[in-house]
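Single-structure report; data block below.
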Amino acid sequence: GAGVSQSPSNKVTEKGKDVELRCDPISGHTALYWYRQSLGQGLEFLIYFQGNSAPDKSGLPSDRFSAERTGGSVSTLTIQRTQQEDSAVYLCASSLAHSGREQFFGPGTRLTVL
Amino acid sequence: QKEVEQDPGPLSVPEGAIVSLNCTYSNSAFQYFMWYRQYSRKGPELLMYTYSSGNKEDGRFTAQVDKSSKYISLFIRDSQPSDSATYLCAMSPYALNFGKGTSLLVTP
């Protein structure tokens, strides 16, 4: 079956602009996670959604970052007033349940803020 | 101090060698342990998943967890040039905590 898909694959934007990144999880997966991968920083957790529960936003670095998940499926990560330090690869993962195990990753969106 | 520590390498080995990759962690709440492989400009790919202390084998790959020492390992037998990638350890109760990854190069 289809894996996790993300779009766009690459995004170049100017400092101060807003961007939206999309994630389409594996069908039937109830848990969805966003991570950020920066050079030299490794992968850091941003936010996760489990079913209809309130999302865990504890990893979001600032209030410029927000995410929503509509209908328990597709998710959008929004970064407002982008800064150069937001440049990174944004990865989405999904799993069958809120257990943290066996998370399957998408290919990522490479964001460059000029 | 990060909750998960992983030597970034790079690690270079000849084809056919046994590779040992390791991570240490500090959080006793971690229950699930995973190893991911990531090729350049690709998303991480799940290699191994373990829940308890002990060994788990899958083909050329063996994952080892020692909860008493808070230490996990991934062994790759008969390494191939196609194994050249970055290997990330990850662990959780829910959202994954990643090591920074070890860059592995297997030379023909």
Answer from A:V12, A:V19 - the residue that is touching a Lys or Arg at 6+ places or on another chain (Cβ under 8 Å), of a type in the set (V, I, T) and surrounded by fewer than 21 Cβ atoms within 10 Å (Cβ to Cβ): A:V19
When residues of the stretch A:37-50 are limited to those that are surrounded by fewer than 19 Cβ atoms within 10 Å (Cβ to Cβ) and polar (S, T, N, Q), the one nearest to the other protein chains (Cβ to nearest Cβ): A:Q41
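Scan the stretch A:62-77 and tell me whether some residue there is basic (K, R), farther than 17 Å from A:E102 by Cα and assigned to a strand (DSSP E or B). Don't jump to the end; show me each part of the working.
Kept after step one, since they are basic (K, R), are these residues of the stretch A:62-77: A:64, A:69.
Subsequent filtering for residues that are farther than 17 Å from A:E102 by Cα retains A:64, A:69.
Within this subset, residues satisfying the condition of being assigned to a strand (DSSP E or B) are A:69.
Yes - at least one qualifying residue is present in the stretch A:62-77.
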So A:S53, is it part of a strand (DSSP E or B) and either more than 12 Å from the chain's Cα centre (by Cα) or more than 14 Å from chain B (Cβ to nearest Cβ) (or both): no
Count - residues of the stretch A:59-114 that are within 11 Å of another protein chain (Cβ to nearest Cβ), within 11 Å of A:W34 (Cβ to Cβ) and not hydrophobic (A, V, I, L, M, F, W, C): 5
Tabulated pairs, the stretch A:7-19, first in contact (Cβ under 8 Å) with a residue 12 or more places away in the chain, second aliphatic (A, V, I, L, M), C-beta under 6 angstrom, 6+ apart or interchain: A:K11/A:V19; A:K11/A:L111; A:T13/A:V19; A:T13/A:V113; A:E14/A:L114; A:K15/A:V113; A:V19/A:I79
A:T82 in contact with a strand residue (DSSP E or B) (Cβ under 6 Å, 6 or more places away or on another chain) and assigned to a loop (DSSP other than H, G, I, E, B): yes
Test: residue in the stretch B:48-67 that is away from every other protein chain (no Cβ under 12 Å) and in contact (Cβ under 8 Å) with a residue 60 or more places away in the chain: no
Residue satisfying all of: in the stretch B:17-47; over 15 Å from the mean Cα position of the chain (by Cα) and of a type in the set (G, A, S); farthest from the other protein chains (Cβ to nearest Cβ) among these: B:A17
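Can you tell me which residues in the stretch B:45-92 are among the aromatic types (F, W, Y) and farther than 15 Å from B:L21 by Cβ? Don't jump to the end; show me each part of the working.
We begin by selecting, within the stretch B:45-92, every residue among the aromatic types (F, W, Y); these are B:49, B:51, B:61, B:71, B:75, B:87.
Correct list: B:Y49, B:Y51.
Test A:S9 against the stated conditions and say whether it is over 20 Å from B:V4 (Cβ atoms), within 12 Å of another protein chain (Cβ to nearest Cβ) and of a type in the set (S, T, Y).
So A:S9 passes the test.
Laboratory data are not the source of any read-out in this text; all were calculated from the coordinates shown. Owing to the predicted nature of the structure, the values given are computational and were not obtained by experimental measurement. Ideal geometry is used to build each Cβ from the backbone, glycine not excepted, and the neighbour counts take in all protein chains shown.
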